[in-house]
Amino acid sequence: MKTKIKNIALAAVALTSVGGFTSCEDVLEEEPRGIFEPSFFTTEQGIQGGLTGLYQNLRYLYGNMYFYNSLETGTDEYTYGQSADNNFKDADLSGAGSLNAESSRSDALWGNAFTSINSANSLIKNGEAGGVDPSMIAEAYFFRGFNYFCLVQTFGGVPLDLGSGKLEPNTSASRTSVRNTVPEVYQVIFADLKQAIDNLPDKSRKTGTVTKNVARFFLSKAYLTFGWWLENPNNIPTYPECSRTDLDGHDNAWYFNESYNVAKEAIDNPGPYGLMPTYYEVNVGKNDRNKECMFYADHTESDAFYNGGDLGYAGGSGTEQVTVWAPTWNYCNIHCADDFAPCRREAAQWAGRPWTRMAPCQEVFAKFTNKDKDARYDGTFVTVYRGNWDKAGEDPKATHKNANDMEIKLGDPILTFVPDQIVGTVTYPTTDFGKSKVCAGETAGRADWVVEPDHISRNTYPGLWKLGTYRTDNGDGLGQPNGSLTRPVVIAKFSELYLIAAEAAVKAGKNSEARDMINVLRARAGKWSFSNAENTAVTADYSADLTAETPATIDIDYVLDERMRELFGEGLRWYDLVRTQTWAERAGSYTICENNGTAWVDKKTTKRDIKAFHYLRPIPTGQLNAMEITDDERKAYQNPGYN
């Protein structure tokens with residue numbers, strides 16, 4: 001079926017806000033520009049400007065809270081929080097909302113990815129015609145393959161012809177479109193990423209630009225994902241309907257083996273990438289853009305334009321980096337027993353701007369086992385909240401009555417999410433939010449309020465430290481906690497290569513190799529350099545303990561558990577569960593404590609209605625309405641289950 005499409009992609013001649021580079025700098029220099037003619041992209045300057053636009057375009061997705069929500073809410077990591085609107089309730093599939101073509105926030109991907117693809121098409125065609133350095137054209141091949149990979153995982157088969165022919169740049173305001181099949185799209189993804197590997201440099205051309213190993217990362221993951229698609233263990237439907245066969249004649253086992261081989265090649269030839277010594281050092285803000293961060297959407301503290309968002313007060317849209325607002329609860333509501341509020345909103349990694357849109361499921365905290373030895377729990381969550389009233393100009397020497405009417409001073413724990421259930425008695429409020437104002441409990445001998453794992457609720461839960469706010473311009477005060485975040489959003493980490501290789505090895509029947517890959521990360525997880533909970537430097541090594549605990553036989557469930565421990569909250573979980581067809585199994589229900597607005601309500605297990613058709617997201621309503629077609633044709637273009 002052919003249809004006229006009006007908003008698949010921006011015309012290549014209308015690229016804006018792109019720029020060239022100065023020879024004396026090692027970073028992408030962004031500069032607003034007007035309208036470009038296609039001939040401009042036959043020059044090296046034009047290619048440089050077009051590529052800068054592709055890197056800029058990443059910000060519309062990575063850092064966007066609502067797109068992030070579509071990849072986390074409704075999984076076994078997150079449900080909706082106390083202050084969630086329908087964007088989050090719809091994604092949860094638990095009856096609080098309804099996911100449909102109009103409400104799905106995957107719409108951000110549809111429009112943004114096709115814009116980048118059309119730009120990449122123009123850069124490839126015109127750059128090759130102009131004899132531009134193949135290593136630069138390879139970046140455009142990478143972006144086209146990367147964006148198609150994001151699309152095919154989300155929507156199934158998508159158009160390869162944007163109106164002027166297959167993989168041709170389109171400049172027409174009205175164009176025809178055909179949804180290609182999943183195998184046809186993957187054939188392009190594989191070819192583009194292999195072309196990128198052949199011609200990209202080993203080291204970045206500019207800070208943050210892609211390399212051979214970045215392309216290997218995504219080729220390995222694409223092979224793995226397509227291998228699962230061919231196998232289809234749970235008979236999940238695909239669309240457009242087609243035979244689950246590879247156009248090049250390979251079976252799923254071939255793809256699993258190739259996925260492992262490519263990931264292993266990337267690991268064995270790391271180039272400028274590698275693992276950081278400890279998990280804390282991967283995620284602490286001062287180490288942003290470290291060697292583990294292979295591919296990211298960049299932001300900066302130096303300038304609002306180059307940051308892509310207001311540094312003082314952001315609204316949470318467009319290119320603003322506000323991802324971590326959604327899973328940040330209103331810790332400012334914590335009160336001492338003497339009715340003093342000790343925790344103020346601060347531009348700090350443990351704090352930031354609270355929106356309470358997403359809350360972690362209680363089951364998450366059982367997956368983080370051996371929390372006193374595995375540093376990933378401490379390096380993922382904010383579990384201890386300490387007073388910062390001095391930064392608000394209040395007396396730093398003051399003391400206050402807290403839990404059990406015991407005295408606390410600045411720097412002491414005010415509220416602690418304890419890692420496991422406490423043996424003994426914790427007393428929680430039953431008629432209102434209690435003296436803490438957040439339903440926290442008291443236990444004998446402790447001055448801090450405590451919350452056990454089975455009392456985590458939609459409004460009181462551990463924050464997401466690893467993605468938290470980081471600024472260097474706070475001075476002695478609270479800084480600018482309401483501004484767009486200035487941290488890069490990491491899309492691909494070197495550590496994930498080990499998990500991709502492990503998953504591929506399991507599917508290829510290579511148990512020993514899978515266990516070896518897992519144990520590289522578990523060994524690193526046992527090494528401590530700092531404790532967030534204790535707020536102090538720590539030197540400890542439990543690597544031998546953690547690797548000894550790794551099961552002799554690795555299965556997909558264990559790989560998914562390790563992916564959660566290593567990559568929790570990083571916008572990957574929906575893809576993980578959809579790829580492995582375990583979404584309904586692992587996230588079909590969850591437990592969390594509810595709140596009726598005035599008092600604590602006991603924990604409740606909620607069931608989700610995850611159907612087979614949900615494994616594809618709906619084509620956005622805006623796209624469907626822009627097509628000049630009949631209602632029947634519009635229904636045929638939409639993924640089944642969403643009409």
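Figures for the structure shown
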| read-out | value |
| --- | --- |
| Using a Förster distance of 25 Å, the FRET efficiency for T431-T606 (Cβ separation, nearest 0.05) | 0.55 |
| Solvent-accessible area of T472 with every protein chain in place, 1.4 Å probe, in Å² to the nearest 10 | 100 Å² |
| 23 Å Cα-Cα threshold exceeded, pairs from K203/K510; K401/K604; K466/K527; K166/K611; K367/K607; K367/K493 | K203/K510; K401/K604; K166/K611 |
| Cβ-defined net charge surrounding N404, 15 Å radius [Lys, Arg +1; Asp, Glu -1] | -3 |
| Cα gyration tensor category, rounded, prolate or oblate, for the range 501-576 with a/c compared to 1.5 | oblate |
| Between the range 272-319 and the range 400-416, the alpha-carbon center distance in angstrom | 34 Å |
| Point-to-point label distance, D372-D545, nm (Cα→Cβ direction, 7 Å offset) | 0.7 nm |
| The range 377-492: C-alpha gyration tensor shape, a/c 1.5 cut-off, then a/b vs b/c | oblate |
| Between 0 and 90°, nearest 10: helix 182-199 axis offset from the chain longest Cα axis | 90 degrees |
| Positive dipole terminus of the range 67-219, leading residue within P183, F114, T211 (C-beta point charges) | T211 |
| Cut-off 15 Å (backbone N to label point 7 Å along Cα→Cβ of D454), residues of the range 332-370 | 362-366 |
| Cα centroid separation, the range 80-138 to the range 424-475 (Å) | 36 Å |
| Gain in span if fully extended, D303 to V538, counting 0.36 nm per residue against the direct Cα distance | 81.1 nm |
| Listed residue (T328, A636, G249) projecting farthest to the positive dipole end of the chain, Cβ model | A636 |
| Translational diffusion coefficient (Stokes-Einstein; Kirkwood radius from C-alpha pairs) of the chain at 25 °C, 0.890 mPa s, in µm²/s | 96 µm²/s |
| Check: the chain dipole with +1 on Lys, Arg Cβ and -1 on Asp, Glu Cβ, in debye | 600 debye |
| Nearest 10 degrees, 0 to 90: helix 212-231 Cα axis against the chain principal axis | 90 degrees |
| Accessible solvent surface per residue of the chain, calculated while the other protein chains remain in place, 1.4 angstrom probe, Å² | 35 Å² |
| Length gained when the stretch S531-K401 is fully extended (0.36 nm per residue, less Cα-Cα span) | 44.2 nm |
| Bridge type composition, the chain - antiparallel percent by DSSP, nearest 5 | 85 percent |
| Rounded FRET efficiency, nearest 0.05, which uses the C-beta distance separating E128 from C242 and R0 of 41 Å | 0.85 |
| Probe 1.4 Å, all protein chains present, accessible-area order of M406, M276, largest first | M406, M276 |
| The chain, relative contact order in percent, only Cα pairs under 8 angstrom and at least six apart counted | 18 percent |
| Crossing angle, helix 494-507 versus the chain [Cα axis fit, 0-90 degrees, rounded to tens] | 70 degrees |
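The values are calculated or read from the model by the stated rules, or taken from the named source; none is laboratory data. Model, not experiment: these values are computed from the prediction. Backbone-built Cβ (ideal geometry, glycine too); neighbour counts: all protein chains shown. Only protein heavy atoms, including side chains, enter the accessible area calculation; ligands, DNA and RNA are left aside. Shrake-Rupley method; radii C 1.70, N 1.55, O 1.52, S 1.80 Å.
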